[in-house]
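The values are calculated or read from the model by the stated rules, or taken from the named source; none is laboratory data. Only a predicted model underlies this, so the values are computations on that prediction, with no experimental measurement involved. No Cβ is skipped: glycine too gets one built from the backbone with ideal geometry, and neighbour counts run over all protein chains shown.
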Amino acid sequence: MISGIGNIPRLSSTGTEPLLPAVTTAPADGDAFSAMVSELATNTVSRLTKAENLSLEALQGDADTRAVVDAVMDAEQSLQAAIAIRDKIVSAYLEISRMAI
């Protein structure tokens, strides 16, 4: 299991699509953070969908096994990154909620 998000690579195993969106200059409000989380969720769902579709094609005999394995590993890596980020967000929220006012 991934212990933190610092060790997550920024590029996929194929090196073409980023796992996480590129860091840009942040506006004054939280729009950049919400955009990053939204883009991460969208990328994760698209990778999972791609892996599922390739798996179904392989069952029908239309896809190469190596492509299926690569897509599934890429989807797993994206899902682990999303889970690690979610865990960090929940942990930060819980810590803030425990602060005395």
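The residue list S91, S13 contains one member that is of a type in the set (G, A, S) and at pLDDT 95 or above, which is S91. Every test in (1) at positive phi; (2) assigned to a helix (DSSP H, G or I) is passed by M36 save one, and that test is (1). Taken over the stretch 78-88, the criterion of being in contact (Cβ under 8 Å) with a residue 60 or more places away in the chain and within 12 Å of L40 (Cα to Cα) is satisfied by S78, Q80, A81, I83, A84, I85.
Residues checked against (1) surrounded by 10 or more Cβ atoms within 10 Å (Cβ to Cβ); (2) assigned to a loop (DSSP other than H, G, I, E, B); (3) modelled with pLDDT of 95 or more; (4) touching a Ser or Thr at 6+ places or on another chain (Cβ under 8 Å):
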| position | (1), (2), (3), (4) |
| --- | --- |
| T42 | yes, no, no, no |
| A58 | yes, no, no, yes |
| L79 | yes, no, no, yes |
| A82 | yes, no, no, yes |
| D87 | yes, no, yes, no |
| A100 | no, yes, no, no |
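Go through the stretch 60-77 residue by residue and tally those that are touching a helix residue (DSSP H, G or I) at 6+ places or on another chain (Cβ under 7 Å) and in a helix (DSSP H, G or I). The number of residues fulfilling the criteria is 7.
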